[in-house]
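Visitor: Handing you a structure now.
All of the numbers you see were taken from the coordinates with simple rules; none came from a lab. Not measured: the values here are computed from a predicted model. Note: ideal-geometry Cβ built from the backbone for every residue, glycine included; neighbour counts use all protein chains shown.
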Amino acid sequence: MRSVIICEGYTDLTLIQYFMEIVNGWTYSNYSEKHFSFNSMKGFIKDSNELIIGETGGSGGILKSFKRILETNSLASYENECFDNIVIICDRDEVNTIEGFENSIIDCLTSCDAQFSGSLVNDNWFLCSMSNARGIRTGFSILLLVIPFENTGALETFLLEAISIKDSYDKHIISEGNNFVENIDFERRYLRNRRFVTKAKFDVYFSIRTPLEQFGQRRDILRSIKWEEYVEIQNCFIKLRGLG
């Protein structure tokens, strides 16, 4: 089985990578090629299954990468060259994110002559099929995950909330850091949109936790998180178990 996860940015890629490795048992396979309009991508294996996680440098690139993957399926000569599962993970940066992505995904499927029935719904597998280069119709599934499901926010916000629940001291640091970010740039000269504010809150917390050698220490902190104990994240990503 071949699967691909499309996400927005490198931080998202890193967080999803650690979750898939620690919770779902995937192994990094040093897949360094760049395809599908990804800014960067990483490959993983689990038994006979393959997984690619790619980031598009922002939500604006997700649909472009999605369409490139559909084109790859349509040009494949054999079934094992196709992606069986396509997962799109994006932040709920705006209230209408789900509706907008649902419509755009359907438009991409239609433009590639894919067949499907029913409605695309967030956090539910959506079954599709399309013909490959030999005219053989092959099935594949799409999973749209707009994170978090219940409130406006981003994957970084979701992780900070999970950390706050687990540790009261870190909760205090996160709360104070969030208040600082919300108020310091009162003219919004630099934090011009909500996405910038979200990223700043995430970076402020980790700047306090890792004031020196930030990249290496931040990586170690994220990797050392007991992802399997974070019920909120497990509930959010539970359907990713089906990739392998």
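Visitor: Could you give the distance between the Cα centres of region 227-244 and region 19-83, to the whole Å?
Guide: The two parts, judged by their Cα centres, are 19 Å apart.
Visitor: A further question on this structure: So for the chain, what are the equivalent ellipsoid semi-axes in whole Å, largest first, each being the square root of 5 times an eigenvalue of the Cα gyration tensor?
Guide: Each semi-axis is √(5λ); the values are 33, 20, 16 Å.
Visitor: Also, I was wondering about something else. Sort VAL4, VAL121 so that the residue with the fewest other Cβ atoms within 10 Å of its own Cβ comes first and the one with the most comes last.
Guide: VAL121, VAL4
Visitor: Among SER141, SER48, which comes first, second and so on when ranked by fewest other beta-carbon atoms within 10 Å?
Guide: With the fewest neighbours first, SER141, SER48 line up as SER48, SER141.
Visitor: Can I ask one more? Say a site is exposed when it is one of the trypsin sites (Lys or Arg not before Pro), sits in a DSSP loop, and has at most 13 other Cβ atoms within 10 Å; what is then the longest site-free stretch of the chain?
Guide: 35-133
Visitor: Compute a Gaussian network model of the chain, connecting alpha carbons closer than 10 Å, and tell me which residue from GLU21, GLU50, GLU187 fluctuates the most.
Guide: With Cα springs under 10 Å in the chain, the top fluctuation among GLU21, GLU50, GLU187 is at GLU187.
Visitor: How much FRET efficiency would the formula 1/(1 + (r/R0)^6) give for GLU79 and ILE221, where r is the Cβ-Cβ distance and R0 is 45 Å, rounded to 0.05?
Guide: 0.65
Visitor: Of the beta bridges DSSP finds with both residues in the chain, what % are antiparallel, to the nearest 5?
Guide: Bridges in the chain that DSSP calls antiparallel: roughly 55 percent.
Visitor: Go ahead and estimate [θ] at 222 nm for the chain from helices alone: -39,500 (n - 2.57) per DSSP H run with n ≥ 4, summed, over the residue count, rounded to 500.
Guide: Mean residue ellipticity at 222 nm (helix-derived): -13500 deg cm²/dmol.
Visitor: Where in the chain lies the longest segment free of chymotrypsin sites (Phe, Trp or Tyr not before Pro) that are both loop residues by DSSP (not H, G, I, E, B) and have at most 15 other Cβ atoms within 10 Å?
Guide: Longest gap between qualifying sites, sites excluded: 1-77.
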